[in-house]
Structure formats: C-alpha cells, structure tokens
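The values are calculated or read from the model by the stated rules, or taken from the named source; none is laboratory data. Bear in mind the structure is a predicted one, so any value in this text is a computation, not a measurement. Here Cβ is always computed from backbone atoms with ideal geometry, including for glycine, and neighbour counts include all displayed protein chains.
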Amino acid sequence: MKLFLSYARVDKPFCVQIAETLDIHEIWYDQRLYAGQQWWKEILRRLDWCDGFIYLMSPESLQSEYCIKEYKIAMSTGKPIFPVLIHPEARVPERLAQLQYADLSRGLTTEGVKMILNAITLEERRLHQMVVKPVGGLPEVHSVPAEPQITSDPAAVIGKAAEAMEQGKYDRAVYLLQQAREIGYVSRFIDLEALLNDAERALERQTRTREIERDYQSIVELVKRGRTRKFGCEAFAAFRRDVPDYDPENLGQLCASETQEMQAVRIVPSVLPRQKSLQLPMLEWVQIPSGLLLISEASQANTSGRPLRTMQHTLDVDAFRLARYPVTNQQYQYFLDDEEGYGNPRWWGYSPYAQAWYQANPTPAQGQYKGEERPRENVTWFEAMAYCYWLSAKLDLPITLPTKQQWRRAAQGDDGRIYPWGNEFDASICNTRESRIRMTTLVMRYTEGVSPFGVYDMSGNVWEWCLNSSWDDFDVTSDRPRAVQGGSFIGAQERAQINFSFDLSPDYHYGSIGFRLVCLA
C-alpha cells in the first residue's frame with residue numbers, strides 16, 4: 001500500500017523510525033526543507049499518489065498549517081486516514097478521536113505497530129474488493145489548492161516568525177522564515193539567512209531533545225516492570241553512554257542493584273527426544289563451506305533506499321548446511337497437521353516469551369498465498385523456531401534458523417557480491433516490486449537467480465527470519481528483535497541486496513515474511 005506520512009519537523013526522527021518499521025509498504029514523507037508553490041505541488045502530487053494517509057499526532061503537528069491542510073485534502077479525496085498518537089501531551093481533536101487511532105506515545109511498542117498494520121491490512125482488503133476504483137483525485141498541477149499562507153506581507157511574516165521563536169515554536173518559525181525568503185523579503189538591516197539558520201539550529205536542538213525524551217520514556221516503561229527490568233536497565237546503560245546527564249526519573253538508582261551480566265546462550269535443539277522419522281518434500285540441504293563474510297552495513301535506510309552510513313568489516317563463518325529453498329506451504333502444513341506438532345507445548349519451551357505468545361495465540365494464522373511449493377509466509381519468529389524444534393525431533397538433527405552471518409555467507413559466497421547472482425539487478429530472475437508479480441512465486445522458479453552455492457530465493461519472494469539481529473547475540477530465550485533478510489515481492493530492489501536487513505519484533509507476522517532452515521550437523 002502506498003502511504004503518505006504527515007508530521008511536524010520536530011518529530012522527524014520518530015517519523016523516520018515509523019517509516020522504516022512500515023517498510024513492507026511504500027512510504028513517502030516530505031523533508032520539510034522548503035516552502036513555496038513548487039514544493040506544495042509535490043505534496044499534492046503525493047497526496048494523489050497515495051492509497052492512505054498517516055497522521056502522526058503531536059502538539060506541533062496538530063497545530064501545523066501544512067499538516068492540517070494535508071489532512072483536509074486527504075479527507076476530501078476519500079483517502080483512508082490512519083491517525084497515530086506519538087506524543088502523550090497531544091490533545092487529539094474530536095474529528096480524529098472518532099477514528100480508531102494507534103498509540104505510539106510511549107515509543108514503537110509492538111501493540112501500537114500491530115494496530116497500525118492491522119488497520120492498513122483491513123483497508124487493503126477493502127480496496128482489493130472494490131470492483132471499480134473511484135475516479136477523480138486531486139486537480140491538475142496548474143489548478144492545485146493554494147499552499148497554506150500566513151500572509152503576503154514580508155514584515156508581518158518576520159514578526160510572526162519572531163513571535164514563534166519567542167514561544168519556542170521553531171518548526172513554525174522555520175516555515176515562516178522560509179516563506180519570507182520565498183516571497184522575496186529583502187532588508188538592509190535584517191540578515192534573513194542568519195535568522196533562518198538560528199531558527200533551524202534551535203529546531204535541531206528541540207528535535208534532539210524530543211528524541212532523547214522519547215527514547216528515555218520507552219526505557220522507563222521497561223524498568224518500572226519487574227519482568228522487563230533487566231532489559232530496561234541494559235538499555236539505560238547504553239542510553240547513558242550517549243546521554244550521560246539525562247535521568248529525570250532516577251533510573252540509575254533503580255538499576256544499581258540489577259544484575260547486568262547476561263550470558264548469550266545459543267540453544268540448538270539437539271537434545272530433544274527423537275520422534276517418528278519424516279520425509280519432508282523438497283527439503284534439500286546445501287553444504288556451505290567455511291569462509292569470510294564481507295559486511296557493508298546498510299541496514300538503516302531512508303525512503304530512497306540509500307544507506308545513511310556504510311561500514312565494512314569481515315567475519316569468519318564456519319561451515320554449515322542450509323536448506324536450498326525457504327520453507328514451503330506444504331512443509332509447514334506437516335507441522336500444523338501433526339498431532340504432536342504446532343499444538344505441542346514442548347516446542348515452545350525454549351523461551352518464556354514464546355510460551356506466553358503461544359498461550360495467547362494457540363491458533364496459527366493462515367498463509368495469504370496458496371500453493372504447496374510457494375513459501376509459507378505470515379509466520380512469526382516464535383513460530384519459525386517452534387517449527388525448527390519440531391523438525392529437529394522428527395529428523396534427529398540439530399535444525400534451527402540461520403544466523404544473519406550464515407544467511408549472508410550462503411547468499412554472497414566469496415566475492416562480496418551485492419545480489420546472489422552478481423552485482424547488477426535483474427528483475428527477470430527474482431521476485432521483487434520491480435518484477436510486478438505482486439504475490440509470492442514457486443520457490444524453485446528462478447534458476448538463474450541462485451546464490452554461488454545453488455541456494456534459491458535469497459533475493460525477493462519473501463523476507464526470511466534470522467536467528468539473531470546483532471552479530472554476537474545468539475540468545476533464543478529473549479524477546480529481542482530479530483533480523484529479516486532478502487527482501488520480498490512487495491519490496492524494492494535495494495531491500496533485496498545481501499547487506500540489507502532490518503529488525504522486527506519476534507511476534508510480528510505479515511504476508512511477505514517467511515523463513516529458511518539451517519542444519520548444524
């Protein structure tokens with residue numbers, strides 16, 4: 001789904017995080033860098049382009065002339081509105097309170113993200129069921145609705161900008177000063193550029209403060225609960241290294257007695273009781289030799305798909321065996337149909353979080369795309385791990401999810417390539433957005449897109465869960481986020497590159513996320 005994010009500049013870091021979390025959809029948000037009709041025409045073009053409108057509600061965005069007008073245009077053209085509360089002090093207007101809004105005022109909580117995704121999914125289904133799409137949309141560019149104007153009097157604009165700066169409303173001040181520059185304000189005595197630069201620096205400081213407060217509040221939510229205090233204190237220790245002087249709720253004292261030592265335990269399901277032997281269709285193991293993995297970190301990306309920073313290093317990866325194909329619908333169905341399969345509590349005992357999730361979700365979600373030889377999707381990390389434990393017992397083999405480094409080694413080989421087949425993208429040998437298939441494909445379809453070791457579908461089709469997220473953390477007992485790799489049929493080619501990944505909560509599932517198996521024997 002194509003989504004337009006409306007936000008205030010002071011909330012830009014959180015807007016970027018939300019955009020990255022919703023990366024399985026096509027997201028656009030403006031950079032709030034310019035003012036003027038050409039910029040406003042681009043806003044209107046994107047409002048016409050989008051399928052849905054996400055309004056990030058904070059005190060600033062709810063008072064912003066631009067955000068308000070963007071919202072009104074989206075409403076008038078019939079776009080579905082997805083309100084998201086991102087600041088606890090925002091007073092949600094009645095017109096938006098009547099809509100069911102997601103609450104991310106305490107940070108990117110699993111509950112809040114799920115609510116957004118569920119709302120988007122329901123709207124997607126409604127749109128797909130429509131026989132005829134509505135015609136019309138926004139007017140042609142030459143007759144676009146006027147840009148929000150404060151006044152055409154330059155002196156009045158400067159006065160209002162000064163007032164906004166006095167009140168600490170630097171987002172508004174920057175916009176007003178940009179508008180003054182746009183309408184040609186010139187003064188022999190006032191240095192407009194210096195004034196604008198000062199307002200922008202103040203806005204950057206305000207944005208940084210807002211980001212610190214939001215990060216800190218998320219940590220507070222963890223520390224104040226006994227079950228998650230250990231994780232919260234670990235997060236606070238990392239936070240304090242970056243922001244040593246900010247601790248309004250005295251978390252340092254609360255965490256002083258909390259044990260900080262934790263051993264990273266890699267649990268491989270090799271000691272489970274052996275079950276009746278199973279012949280699983282299309283389960284083929286590929287031997288991946290030991291070797292060096294070249295890592296060019298590009299896991300954090302902006303909306304253009306270009307990495308914000310790149311860091312290169314290498315890792316030694318021991319030999320292992322990887323499944324030639326991602327787990328298929330047919331293979332997963334064996335797990336669901338087995339009387340000792342999905343419903344057996346034994347397979348969920350590797351983690352208290354997995355147990356709690358299974359108790360709350362005893363019935364598995366259905367895959368969205370039928371066909372025995374298509375990849376199984378709509379699977380959480382918890383479910384993928386339970387499947388590994390079940391299959392380990394069935395085959396008497398230590399089977400688990402690949403680590404991020406194993407996954408990349410199998411896709412990259414020895415030459416540091418960008419895609420499994422080489423360095424040039426080719427939409428004809430993989431299933432990404434550029435392929436325009438818009439659904440999963442048979443896992444053995446792309447014979448020319450295999451990795452150097454003959455592994456299929458490592459770029460496109462479905463994202464694949466990895467065991468870990470950070471390179472040195474192999475603890476399966478926690479509820480930490482886990483990496484997904486490989487891109488998908490709805491993602492752009494940049495996300496199908498070997499060195500691109502992003503992290504998701506282990507209880508997250510979607511119709512473009514599946515998994516693959518590794519055997520450590």
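Observations, loosely collected:
- Scanning the stretch 457-479 for residues that are more than 14 Å from Arg433 (Cα to Cα) and without any contact (Cβ under 8 Å) to a residue 40 or more places away in the chain turns up just one, Ser470.
- Out of Asp475, Asp507, one residue alone is within 23 Å of Leu315 (Cα to Cα), charged (D, E, K, R), modelled with pLDDT under 95 and assigned by TED's automatic domain parsing to the domain that holds Tyr358. It is Asp475.
- Candidates Thr109, Thr121, Thr77 - the one that is under 30 Å from Ser218 (Cβ atoms), at pLDDT 85 or above and among the polar types (S, T, N, Q): Thr121
- Checking each residue in the stretch 217-271 for being at pLDDT 80 or above, outside any loop (DSSP other than H, G, I, E, B) and over 30 Å from Tyr350 (Cβ atoms) picks out Gln217, Arg240, Arg241, Asp242, Leu251, Gly252.
- Pick from the stretch 449-472, criterion among the charged types (D, E, K, R) and at pLDDT 95 or above, ranking: surrounded by the fewest Cβ atoms within 10 Å (Cβ to Cβ): Glu464
- The number of residues in the stretch 93-128 being within 28 Å of Thr228 (Cβ to Cβ) and outside any helix (DSSP H, G or I) comes to 10.
- Those strands (runs of 3 or more DSSP E) lying entirely in the stretch 417-521 with at least 2 residues in contact with a strand residue (DSSP E or B) (Cβ under 7 Å, 6 or more places away or on another chain) and at positive phi: none
For every residue, the table says whether it meets (1) in contact (Cβ under 8 Å) with a residue 60 or more places away in the chain; (2) crowded, with 17+ Cβ neighbours inside 10 Å.
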| position | (1), (2) |
| --- | --- |
| Ala164 | no, yes |
| Leu176 | no, yes |
| Gln179 | yes, yes |
| Gly184 | no, no |
| Arg188 | no, no |
| Asn197 | no, no |
| Arg210 | yes, yes |
| Glu221 | yes, no |
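- Count - residues of the stretch 375-385 that are of a type in the set (Phe, Trp, Tyr) and either touching a helix residue (DSSP H, G or I) at 6+ places or on another chain (Cβ under 7 Å) or part of a loop (DSSP other than H, G, I, E, B) (or both): 1
- Yes/no for Glu372 being more than 24 Å from the chain's Cα centre (by Cα), free of Cβ contacts under 8 Å to residues at least 24 places away in the same chain, not assigned by TED's automatic domain parsing to the domain that holds Asn118 and not in a strand (DSSP E or B): no
- Those residues of the stretch 174-201 which are assigned to a helix (DSSP H, G or I) and of a type in the set (Val, Ile, Thr), in sequence order: Val174
- Where Arg433 falls short, out of the listed (1) under 30 Å from Tyr342 (Cβ atoms); (2) among the charged types (D, E, K, R); (3) crowded, with 17+ Cβ neighbours inside 10 Å: (1)
- Selected residue (only one of Trp381, Trp407, Trp390, Trp421 is in the same structural domain as Ser505 (by TED's automatic domain parsing), surrounded by fewer than 22 Cβ atoms within 10 Å (Cβ to Cβ) and at pLDDT 95 or above): Trp421
- Looking across the stretch 50-81 at every residue that is surrounded by 22 or more Cβ atoms within 10 Å (Cβ to Cβ) and free of Cβ contacts under 8 Å to residues at least 60 places away in the same chain, the one that is nearest to His128 (Cα to Cα) is identified as Tyr55.
- Hits in the stretch 1-52 (condition: part of a strand (DSSP E or B) and either closer than 20 Å to Ile86 by Cβ or at pLDDT 90 or above (or both)): Lys2, Leu3, Phe4, Leu5, Ser6, Ile27, Trp28, Gly52
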